[in-house]
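The values are calculated or read from the model by the stated rules, or taken from the named source; none is laboratory data. Since the model is a prediction, treat every value here as computed from it, not as a measurement. Cβ placement follows ideal geometry from the backbone for every residue including glycine, while neighbour counts extend to all protein chains displayed.
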Amino acid sequence: MISETDKETIFEGLSFVFGIFLYALCFNMFLIPNDLVVCGFSGVSIVTQKLFGWNPQVFIYITNFLLLIVSLIFLKWKITKRNIAGSIMFPLMLTITTPMAKFLNNHIIGDDFLIILLFSIILYGVSNGLIYRSGFSTGGSDIIMQIINKYIHVSESKAMIFANSLIIIIGMLTFGFNKGVYSFIILITSTYFIDKIMFGISDSKVFYIYTKRVRKIKKLILEDFKTGLTIIPSRGGYSLKRGHMIMCVLSNHDYYRFKEAILEIDPQAFIITTKCFEVSGGVKRSSFHFI
């Protein structure tokens with residue numbers, strides 16, 4: 001029998017390989033042929049091809065190899081081992097997907113730039129979402145961000161935003177303003193797919209309710225909405241009055257009906273609502289889509 005841990009490891013591995021494949025396909029099919037400089041050393045390789053005639057795949061092979069050495073020096077083996085797979089797999093997948101990308105471009109995609117832009121956004125977002133969810137990276141600029149995070153104490157996300165913006169500006173200066181804008185659109189809009197793959201679709205809401213009528217609202221939740229709840233002792237930061245806060249999870253389609261029912265019981269209730277992406281354990285209503 002395969003354990004749950006082994007299943008999760010296999011799933012992460014397959015997600016990573018498939019994500020790298022889609023990213024390489026997106027790069028060969030859409031980004032290189034259309035001079036779309038989105039991010040990372042893959043984006044830099046498109047610029048160097050234009051300026052110096054260097055082959056993007058060879059450029060990525062070389063830079064990924066050199067950056068692995070840099071990672072080993074500055075980040076040591078514990079972190080470097082997470083970068084090895086992506087640093088090797090990404091350029092390898094670039095080589096594998098090159099003939100496939102040429103065939104699809106010639107026989108399926110065509111020259112409609114709106115379709116090219118749409119597929120670029122989807123493929124770029126889905127591929128990066130799968131890669132990030134697996135816990136790996138594609139190497140390259142990710143290694144630079146990790147070094148910056150360790151030694152300059154700037155978060156990887158902030159460093160990535162700065163670096164990607166700089167790369168897009170370089171692409172804009174090389175290929176023109178319009179191509180830079182298109183690259184920026186791909187980078188920004190693809191985050192929707194990255195978020196959905198990493199965190200899933202929010203099918204429910206978490207309610208935090210501060211009320212003086214705890215018993216009535218508890219009865220409402222248990223009997224009318226048939227879901228569990230947690231009662232949390234609380235204390236007002238301004239008034240210093242002690243009370244109770246109720247926390248519960250309900251599906252999205254119950255949102256307005258539940259909120260109105262609470263306010264009917266206690267018009268002064270203080271309600272905080274936030275998206276919920278995952279629930280495990282506890283008593284949950286069986287109609288939730290994610291169960």
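Quick one: which of Leu94, Leu72 is under 17 Å from Met29 (Cα atoms) and in the same structural domain as Tyr23 (by TED's automatic domain parsing)? Step through it out loud before you land on a result.
Working: Leu72 fails: under 17 Å from Met29 (Cα atoms).
None of the other options fit; the residue is Leu94.
Quick one: Lys241 ticks every box in (1) at pLDDT below 85; (2) within 36 Å of the chain's Cα centre (by Cα); (3) among the basic types (Lys, Arg) except a single one, so which number is it?
For Lys241, the exception is condition (2).
Which ones in the stretch 213-243 are touching a residue at least 12 places away in the same chain (Cβ under 8 Å) and of a type in the set (Lys, Arg)?
Arg213, Lys216, Lys218, Lys226
Does the stretch 33-46 contain at least one residue that is modelled with pLDDT under 95, within 28 Å of Ile115 (Cβ to Cβ) and aromatic (Phe, Trp, Tyr)?
yes
Checking Ile73 against (1) within 26 Å of the chain's Cα centre (by Cα); (2) surrounded by fewer than 23 Cβ atoms within 10 Å (Cβ to Cβ), only one condition comes out false. Which one?
Ile73 satisfies all of (1) within 26 Å of the chain's Cα centre (by Cα); (2) surrounded by fewer than 23 Cβ atoms within 10 Å (Cβ to Cβ) except (1).
Is it true that some residue in the stretch 2-17 is farther than 29 Å from Met172 by Cα and not in a helix (DSSP H, G or I)?
At the first step, the residues of the stretch 2-17 found to be farther than 29 Å from Met172 by Cα are 2-17.
Adding the requirement that they be not in a helix (DSSP H, G or I) leaves 2-3.
Yes, the stretch 2-17 contains at least one residue that is farther than 29 Å from Met172 by Cα and not in a helix (DSSP H, G or I).
From the residues in the stretch 135-170 that are among the charged types (D, E, K, R) and surrounded by 13 or more Cβ atoms within 10 Å (Cβ to Cβ), which one is farthest from Leu94 (Cα to Cα)?
Residues of the stretch 135-170 that are among the charged types (D, E, K, R), as a first pass: 142, 150, 156, 158.
Now drop any that are not surrounded by 13 or more Cβ atoms within 10 Å (Cβ to Cβ), which leaves 142, 150, 156.
On the way: Asp142: 18, Lys150: 30, Glu156: 25 Å.
Residue satisfying both the conditions and the ranking: Lys150.
Residue by residue through the stretch 60-79, note down the ones that are touching a residue at least 40 places away in the same chain (Cβ under 8 Å) and over 27 Å from Val181 (Cβ atoms). Steps first, please.
Within the stretch 60-79, the first condition is being touching a residue at least 40 places away in the same chain (Cβ under 8 Å), and the residues that meet it are 60, 63-64, 67-68, 70-71, 74-75, 79.
Listed by number, the residues that qualify are Asn64, Leu67, Leu68, Val70, Ser71, Phe74, Leu75, Ile79.
What is the number of the single condition among (1) over 22 Å from the mean Cα position of the chain (by Cα); (2) more than 19 Å from Cys26 (Cα to Cα); (3) aliphatic (A, V, I, L, M) that Met145 does not meet?
Of (1) over 22 Å from the mean Cα position of the chain (by Cα); (2) more than 19 Å from Cys26 (Cα to Cα); (3) aliphatic (A, V, I, L, M), only one is false for Met145: (1).
Kindly establish whether Leu123 is over 28 Å from Phe52 (Cβ atoms) and surrounded by 17 or more Cβ atoms within 10 Å (Cβ to Cβ).
On the way: over 28 Å from Phe52 (Cβ atoms): no; surrounded by 17 or more Cβ atoms within 10 Å (Cβ to Cβ): yes.
Against the criterion (over 28 Å from Phe52 (Cβ atoms) and surrounded by 17 or more Cβ atoms within 10 Å (Cβ to Cβ)), Leu123 does not qualify.
Of all helices (runs of 4 or more DSSP H) completely enclosed by the stretch 51-161, which ones contain at least 3 residues that are under 23 Å from Glu8 (Cα atoms) and of a type in the set (A, V, I, L, M)?
Working: elements: 56-74, 76-104, 113-134, 141-151.
Here the list reads 76-104, 113-134.
Take the residues of the stretch 103-116 that are surrounded by fewer than 18 Cβ atoms within 10 Å (Cβ to Cβ) and touching a residue at least 24 places away in the same chain (Cβ under 8 Å): which is farthest from Tyr61 (Cα to Cα)? Walk me through how you get there before you give the answer.
First pass over the stretch 103-116, keeping only residues surrounded by fewer than 18 Cβ atoms within 10 Å (Cβ to Cβ): 103-115.
Then drop every residue that is not touching a residue at least 24 places away in the same chain (Cβ under 8 Å), which leaves 104-105, 109, 113.
Details: Leu104: 24, Asn105: 24, Ile109: 28, Phe113: 29 Å.
Among those residues, the one meeting the criterion is Phe113.
Pull out all pairs, ordered by first then second residue, where Cβ-Cβ is under 8 Å, the residues are six or more apart or on different chains, the first lies in the stretch 120-148 and is without any contact (Cβ under 8 Å) to a residue 60 or more places away in the chain and closer than 21 Å to Lys78 by Cβ, and the second is assigned to a helix (DSSP H, G or I) and among the charged types (D, E, K, R).
Between residues of the stretch 120-148 that are without any contact (Cβ under 8 Å) to a residue 60 or more places away in the chain and closer than 21 Å to Lys78 by Cβ and residues that are assigned to a helix (DSSP H, G or I) and among the charged types (D, E, K, R), the close pairs are Ser137/Arg82; Met145/Glu156; Ile148/Glu156.
Taking the stretch 253-276, which residues are surrounded by 15 or more Cβ atoms within 10 Å (Cβ to Cβ) and modelled with pLDDT under 90?
Result: Asp254, Cys276.
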